[in-house]
1. Are there any pairs with C-beta distances below 8 angstrom linking a residue in the range 132-147 that is over 16 Å from Phe209 (Cβ atoms) to a residue that is part of a loop (DSSP other than H, G, I, E, B) and β-branched (Val, Ile, Thr), with the two at least 6 apart or on different chains, and if so which?
2. Check whether at least one residue in the range 39-62 is in a loop (DSSP other than H, G, I, E, B) and under 16 Å from the mean Cα position of the chain (by Cα), and report yes or no.
3. Would you say Val133 is under 29 Å from Arg249 (Cα atoms) and not in a loop (DSSP other than H, G, I, E, B)?
4. Can you tell me which residue is surrounded by the fewest Cβ atoms within 10 Å (Cβ to Cβ) among those in the range 179-233 that are within 15 Å of the chain's Cα centre (by Cα) and among the small types (Gly, Ala, Ser)?
5. Output the number of residues of the range 133-165 satisfying the condition of being surrounded by fewer than 20 Cβ atoms within 10 Å (Cβ to Cβ) and under 14 Å from Phe182 (Cβ atoms).
Amino acid sequence: MTRFFLLVLLVMLWVRGASVPTEALRFAPLSIENKSEMVKEFIPFFAYIQKKLGVKKTQFIYEKDYAKLIEKFKNNRIDMTLLGPLPYLKLQQEYPHIQPIVVFKNAHGKAYYRCVLVHFAKDTVAFDRSLKVALTQPLSTCGYYATRLLLKEHYAIDLNDTSFSYNFSHHEALFRVLEGHFDAAGVKDSVAHDFETLGIEILAKSKPFPEFALVVNTQTLSKQTIAKLQRLIFDIPVALYQKWGGIFRYGFAPINKDAYDDIVVDFKNIPQEGKP
């Protein structure tokens, strides 16, 4: 009997101790923007979460390359990250210990976005083999994957027959077009809208994709912590997250895993390098 109660006590202590990572939450922000902008955007959110969870600090792990971010997540060096559909599906394929907990709404209150093909409005673009396309990165949904679909659907040209280059962030891809180095770019619609006043024009839009999801590592965070974190997020007062702005501005929505079902992608056929 004594051994039984001792065992129960040890289990209770283990569960209690594992429920909250008291030292630090290791978070990898988005690679859409630059490091300082992304960290600044998430500081108010994590200050709130830290206080509620009793965590001492948040460690920001910035990795602009999705492939490297996925490797760090698989090696348990990341507790939480923000992923678009393609990197989420890639990580899920290679590492089953992930759980998306919320997605972020857009300005219309919906939990989806579109990838768009853009160009500089004052330029005349020839959609043939001479086309030069600025992409984000191989595992970006709006990169090779969506841009190839858009070119085939709207201009009957294969991206593989053109010249394309990876630029990692959506902003950098757009800058390459503005600088005149590329004819077109494939980016997220909300980022393209931010550049419209500079002369960027949207030529084509993709089907809706699930918005970016906040994904946690179930190997480094306990079920209790994940459930509490999810409740905390949905309980954030509207006035507070609107004050934070950025990606938080329009609030959160529950995960709809069915929304990923019609995204068919062969990761092996996505080039890892650009094509001159």
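1. Pairs that qualify, where the first residue is over 16 Å from Phe209 (Cβ atoms) and the partner is part of a loop (DSSP other than H, G, I, E, B) and β-branched (Val, Ile, Thr), are Lys132/Thr162; Val133/Thr162; Pro138/Ile270.
2. yes
3. Taking the combined requirement at face value, the residue does not satisfy it.
4. Ser190
5. 2
Each row is one residue, and each column tells you yes or no for (1) crowded, with 18+ Cβ neighbours inside 10 Å; (2) at positive phi; (3) among the charged types (D, E, K, R); (4) not assigned by TED's automatic domain parsing to the domain that holds Ala24.
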| residue | (1), (2), (3), (4) |
| --- | --- |
| Lys51 | no, no, yes, no |
| Gly54 | no, yes, no, no |
| Gln59 | no, no, no, no |
| Tyr66 | yes, no, no, no |
| Glu71 | no, no, yes, no |
| Arg77 | no, no, yes, no |
| Tyr88 | yes, no, no, no |
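The values are calculated or read from the model by the stated rules, or taken from the named source; none is laboratory data. For clarity, every value in this text was computed on a predicted model and none was experimentally measured. Heads up, the Cβs are rebuilt from the backbone with ideal geometry, glycines too, and the neighbour counts pull from every protein chain shown.
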